Amino acid sequence: MTRKIRVVHYLNQFFGQIGGEDKAGMHPMDKAGHVGPGMSFAAALKDQAEIVGTVICGDTYFGENMETATKEVLDLIVKYEPDLVIAGPAFNAGRYGSACGAVCAAVAEKLQIPVVTGMYPENPGVDMFRKHIHIVETEGSAAGMRQAVPKMAKLALKLAKGEPTDSAVDGYLTRGIRKNYFAKERGSARAVEMLVRKLGGQKFVTEYPMPQFDRVDPNPAIRDMSKARIALVTSGGIVPKGNPDHIESSSASKYGKYDLEGIDALTAASHQTAHGGYDPVYANENPDRVLPVDVMRDLEREGVIGKFHRYYYATVGNGTSVANAKKYAAAIAKELVEAEVQGVILTST
Amino acid sequence: MRLELGKIRIKDVQFGPETCVRDGVLYVDRAAVERMVLEDDRIAGAGVELARPGEEIRIIPVKDVIEPRVKVAGPGGVFPGMVSKVDTVGEGRTHVLAGVAVVTTGRIVGFQEGIIDMTGPGAEYTPFSRLNNVVLVCEPVAGLPQHEHEAAIRMAGLKVAAYLGEAGRDVEPDEVDVHECLPLLEQAAAYPGLPKVVYVYMLQSQGLLHDTYVYGVDVKRILPTLIYPTEVMDGAIVSGNCVSACDKNTTYHHQNSPVIHDLLARHGRDFNFIGVVITNENVTLADKERSSNYTTKLVEMLGADGAIVSEEGFGNPDADLIMNCTKLEKKGIRTVLVTDEYAGQDGASQSLADANPLADAVVTAGNANEVISLPPMKKVIGHPEAANVIAGGWDGSLAGDGSITAEIQVITGCTNELGFSYLTVREI
């Protein structure tokens with residue numbers, strides 16, 4: 001017989017049977033075997049998995065010391081060498097939900113093992129962690145324990161065995177991951193049907209719910225440009241000739257940092273574009289058209305700007321995911337701030 | 001405007017001593033086609049290959065796909081303003097070699113040409129794996145500028161499609177579809193009890209190899225205007241695009257424009273389909289504002305209650321899509337949008353470059369960033385190394401054994417935003 005899957009269960013002070021709100025400040029502790037709702041999980045996991053240990057922590061302690069508490073809980077969990085971690089369910093308890101989410105996310109990241117928790121969709125822990133972990137949808141209160149446990153146990157076993165999961169079948173909250181599949185009707189027919197429903201005031205389901213957009217407020221203006229250090233950053237793909245970093249023509253997986261020391265203007269011999277979203281003829285003829293090094297040098301000589309920053313950064317915006325673009329921007333911004341750059345001119349295509 | 005569309009079902013394509021259709025087989029005079037392509041002195045080399053469904057063949061890099069058609073009655077000829085004179089088309093009778101396409105390939109024009117696999121996992125993602133393809137391998141003369149190169153290959157494809165279409169002129173079609181579109185006021189009065197619906201057909205016009213032509217006019221230079229659905233069926237709109245393979249509308253897509261067909265299918269029953277507005281996707285803000293204002297005005301002028309708006313391409317045109325949508329919705333005209341997504345290879349990123357809560361009814365044709373592995377094929381028509389540079393591929397996409405790992409973005413027609421295909425997305 002194969003070895004049973006080793007499970008650690010995370011609970012707060014209340015479900016961990018330590019006490020109520022008066023015990024919410026307790027530090028993490030562990031107990032061998034299952035505690036409280038762990039008994040129903042043990043039953044639902046049957047002979048396939050065993051709860052080898054339970055880690056309990058007070059909600060207030062966790063909430064007020066998120067970073068240390070996560071680490072302390074993680075250390076206790078590791079001791080049991082688990083294959084799987086189950087947390088909660090937390091129902092609509094906000095602090096408990098956030099703790100379950102944080103513990104699961106940390107376990108998934110550090111131990112690389114499957115995790116499952118359960119929450120009511122409006123629990124603040126859902127928005128914080130739904131993209132990182134599997135959160136089974138539960139009722140708002142502990143009255144929903146009887147329905148929650150078998151769903152969570154079933155999903156946990158599937159994950160532990162590496163079986164495919166599906167939010168609709170397994171009852172977890174969607175993780176915001178867009179996954180392709182082939183529909184029964186072609187897109188145009190679905191569009192016509194959706195319009196008929198919309199015009200008729202009937203219920204319809206959009207296939208792409210619009211996201212909330214990040215809007216960035218501009219920084220205050222630079223008061224004295226003649227003393228400012230200005231850098232160029234581009235998503236137009238201008239790279240040294242030969243594209244030494246092999247930045248992709250679309251869906252760029254990286255950005256490049258390139259030296260402009262001693263360069264007065266870009267030429268067809270020195271630079272080119274790596275961008276695949278536009279006709280490169282004009283950019284390759286004169287790369288200054290996308291990355292205006294020539295004009296920046298003029299401004300520097302004329303004293304309009306204090307200093308033109310020695311390095312420029314370039315990536316390809318074409319089809320590059322917003323998440324990646326954000327990551328590159330954060331890294332580039334950090335270096336620019338460290339280099340005491342006060343202003344950046346962003347050029348696209 | 002009444003058009004009879006006679007479909008001749010072609011079940012196989014073969015080379016033969018003369019180009020003709022016999023018993024559902026299209027025979028192609030290979031030498032004649034090659035000569036025709038070489039008439040253009042911008043093209044130095046021309047080859048013709050056949051690729052049938054199920055064959056272990058990969059075509060790469062694919063520029064355009066075109067359906068052979070021929071005008072047998074009524075004014076004008078196919079591809080007016082490109083191959084035929086600029087007569088207004090869409091009336092009379094047109095024969096279609098259904099099940100056949102002309103596919104253009106050769107040295108890559110831009111970064112954004114695609115792949116058609118005739119079998120294997122890639123074949124599922126492209127509608128063109130189900131056609132009998134006559135593939136033109138066109139190699140340009142040395143030093144030909146890209147715009148000239150694009151124009152030469154575009155014209156070669158259209159010319160050969162028109163030439164092959166001629167073979168169907170005197171063949172009795174297997175079925176005849178009749179489409180009748182009335183003058184606007186009559187059409188609007190036809191079904192007083194039904195809501196009026198317009199199709200807003202966005203055409204790629206970012207320029208720099210991202211171009212579409214209507215009656216031979218570069219769409220960048222039009223104001224949004226009206227067109228009868230049947231004009232589109234006669235090839236009034238053709239592709240000059242090197243936008244990403246997955247969501248560029250090939251000429252074949254325009255000829256078989258699916259929103260038009262699916263609106264016509266329910267016309268007079270669920271709504272009154274009163275017209276098509278074609279608009280562009282230019283790059284400057286002023287152009288975007290002007291075109292979306294003008295589109296909205298036209299749709300309102302037509303008295304529409306609802307509109308389907310389809311996009312072509314992604315990123316920059318997402319702004320046009322959202323402008324068209326929000327301006328129409330603010331006029332009380334209900335919209336459904338057709339687009340695709342760039343949600344990252346892991347599907348976790350934001351899918352469009354623009355968004356608005358008024359866009360509450362969206363059909364998606366798939367996440368173009370999803371990665372696929374395409375096994376090696378026995379035969380490759382074209383240039384397999386293009387896989388390393390086309391949009392959706394990367395340095396190393398083409399492995400030593402001939403297999404390709406890339407985003408599905410590289411597959412021609414895979415996330416078509418006219419809604420031609422079945423691929424879509426759900427959240428997990």
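Quick notes
- Relative protection proxy for A:323-336, B:272-285, from highest mean packing down: B:272-285, A:323-336 (other beta-carbon atoms within 10 angstrom).
- Put simply, the amide H of residue A:316, placed in the peptide plane, has neighbours under 5 Å in A:252, leaving out anything fewer than 5 places away on its chain.
- Computed from the Cα positions only, the extents of the protein assembly as shown along the three principal axes stand at 89, 69, 56 Å, in decreasing order.
- Nearest-0.05 FRET efficiency for residue A:131 and residue A:268, computed from C-beta distance (R0 45 Å): 0.50
- Sites residue B:290 and residue A:331 - FRET efficiency at Förster radius 35 Å, r taken between beta-carbons, to 0.05: 0.35
- Computed E for residue A:48/residue B:194 - FRET, C-beta separation, R0 35 angstrom, nearest 0.05: 0.05
- For chain A, share of DSSP beta bridges that run antiparallel, in % to the nearest 5: 30 percent
- Geometric extent, Cα atoms of region B:337-428 - Rg, Dmax (angstrom): 15.0, 49
- Normalised Debye scattering of region A:115-177 at q = 0.16, 0.18, 0.25 Å⁻¹ gives log10 I(q)/I(0) of -0.46, -0.58, -1.09, counting only Cα atoms as equal scatterers and leaving out solvent.
- Candidate lysines for bridging to residue B:288, where Cα separation is under 25 Å - those fewer than 8 sequence places away on the same chain excluded: B:220, B:248, B:297, B:327, B:330, B:331
- Part-to-part distance (alpha-carbon centres) for region B:239-257 and region B:315-356, which is given in Å: 19 Å
- Within the protein assembly as shown, percent of DSSP bridges classed antiparallel, to nearest 5: 45 percent
- In order along region A:151-162, the phi-based Karplus estimate (6.51 cos²θ - 1.76 cosθ + 1.60, θ = phi - 60°) of 3J(HN,Hα) comes to 5, 5, 5, 5, 5, 4, 5, 4, 5, 5, 8, x Hz; Gly and Pro are listed as x.
- Loop-resident sites, region A:9-49, for trypsin sites (Lys or Arg not before Pro), counting at most 15 other Cβ within 10 Å (DSSP): A:46
- Only the Cβ atoms of Lys and Arg (+1) and of Asp and Glu (-1) were treated as charged; on that basis the dipole of the protein assembly as shown about its Cα centre amounts to roughly 1420 debye.
- In this view, the solvent-accessible surface of residue B:270, computed with a 1.4 Å probe and all protein chains in place, comes to about 40 Å².
- Taking amide H as placed 1.01 Å from N in the peptide plane, residue A:272 has its amide H under 5 Å from the amide H of A:239, A:241, each at least 5 places away in sequence or on another chain.
- In this entry, chain A is assigned a mean projected area of 25.8 nm², taken as a quarter of its C-alpha convex hull surface.
- Entry for region A:40-90 at q = 0.14, 0.18 Å⁻¹: log10 I(q)/I(0) = -0.43, -0.66, Debye formula applied to identical alpha-carbon scatterers, no solvent contribution.
- Integer Hz, Karplus 6.51/-1.76/1.60 couplings in order for region A:44-51, x for Gly and Pro: 5, 7, 6, 8, 8, 9, 9, 7
- Placing dummy labels 7 Å off each Cα toward the beta-carbon, the span from residue A:348 to residue B:399 is 3.7 nm.
- Summed buried accessible surface, chains A and B, 1.4 Å probe, nearest 100 Å²: 5600 Å²
- Placing unit charges on the Cβ atoms only, positive for Lys and Arg and negative for Asp and Glu, gives chain A a dipole magnitude near 1060 debye about its Cα centre.
- Phi to ³J(HN,Hα) by Karplus 6.51 cos²θ - 1.76 cosθ + 1.60 over region A:254-271, Hz, x for Gly, Pro: 7, 10, x, 10, 10, 7, 10, 3, x, 9, 8, 7, 8, 9, 4, 7, 9, 9
- When the P(r) is computed for region A:5-170, the part past 29 Å accounts for 7% of the Cα-Cα pairs.
- Part-to-part distance (alpha-carbon centres) for region A:2-16 and region A:99-148, which is given in Å: 14 Å
- Sequence-distant residues sharing a close amide H with residue B:248 (under 5 Å, placed H): B:413
- With both residues required to sit in region A:225-347, DSSP beta bridges show an antiparallel share near 45%.
- Sorting B:200-211, A:302-313 by average packing, meaning the other beta carbons within 10 Å per residue, from highest down gives B:200-211, A:302-313.
- Between the C-alpha center of region B:117-145 and that of region A:191-261 there is a gap of 31 Å.
- Cα-based Lys pair tally, region B:59-199, threshold under 21 Å, eight or more apart or on separate chains: 4
- Placing a label point 7 Å from the Cα of residue A:340 along the Cα-to-Cβ direction, the residues of region A:194-225 whose backbone N falls under 17 Å of that point are A:223-225.
- Highest mean packing comes first when the peptides B:256-265, A:95-104 are listed by Cβ atoms within 10 Å, giving A:95-104, B:256-265.
- Take each residue of peptide A:197-209, count the partner chain Cβ atoms within 10 Å of its Cβ, and average: the result is 6.
The values are calculated or read from the model by the stated rules, or taken from the named source; none is laboratory data. Treat the numbers as computed from the prediction; the structure is a model and nothing was measured. Here Cβ is always computed from backbone atoms with ideal geometry, including for glycine, and neighbour counts include all displayed protein chains. Each accessible area value is taken on the protein alone, full model and side chains, heavy atoms only, with ligands, DNA and RNA left out. Shrake-Rupley method; radii C 1.70, N 1.55, O 1.52, S 1.80 Å.
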